[in-house]
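The values are calculated or read from the model by the stated rules, or taken from the named source; none is laboratory data. Quick caveat, the model's predicted, so the values are computed rather than measured. Cβ atoms come from the backbone with ideal geometry, glycine included; neighbour counts cover every protein chain shown. With ligands, DNA and RNA removed, areas are computed over all heavy atoms of the protein, side chains included. Shrake-Rupley method; radii C 1.70, N 1.55, O 1.52, S 1.80 Å.
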Amino acid sequence: ARSGWAGLALAVLALIGLVVGAATTGMGTEGILEDHGLEGTIFGATIATAVLTIEDVFLTVEPARKGAPEIGVGNVIGSVIFSVTGKLGIILLAGGLVIASDVLTWHLPALIVLTGYAAYVLYTGRLKRWHGYVLLAFYIAYWIISFTTFGEAPVEMD
């Protein structure tokens, strides 16, 4: 057991680490976008999201594996709600936001349709393994369509 001051110091150190990590990620992201000529929305909606949510995937899967799938489902629902309210709210507080046309014609409708399907599957209360295959197939299709329509995949082709 640590004293209150030691715990507070560790919390401050962890917060500093998060801020430094976020700044480093931001700089790295700018470099990736420039080097590969990617559009920011595409990168943020696909690659950055996939990479940055790997930890969240494990936090969702482990409770389900250990017999408490409600925790995983709650994490998914909470993450979606926070992403579309909390994260977007913080972005808007940081400054203005101009929405590109592809966000309104592709990404937002995809968000609505895919989240709607996932919500419907949850609503049935009878989730099966094949639902997982369908949901993952939808994400892969979203990823492929996003890159082939709005940008190029960040893969060197010889």
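Determine whether GLU70 is touching a Pro at 6+ places or on another chain (Cβ under 9 Å) and surrounded by fewer than 13 Cβ atoms within 10 Å (Cβ to Cβ). So GLU70 fits the description; yes. The residues of the stretch 88-110 that are open to solvent by less than 80 Å² (accessible area, probe 1.4 Å) and either under 16 Å from THR149 (Cβ atoms) or assigned to a helix (DSSP H, G or I) (or both), listed by number, are LEU88, GLY89, ALA100, ASP102, VAL103, TRP106, HIS107, LEU108, PRO109, ALA110. The condition of being over 21 Å from TRP143 (Cα atoms) and modelled with pLDDT of 80 or more holds for only one of THR105, THR60, that being THR60.
Within the stretch 62-88, no residue that is touching a residue at least 40 places away in the same chain (Cβ under 8 Å) sits with its Cβ atom under 7 Å from a residue that is surrounded by 12 or more Cβ atoms within 10 Å (Cβ to Cβ) and not in a helix (DSSP H, G or I) at 6+ positions apart or across chains.
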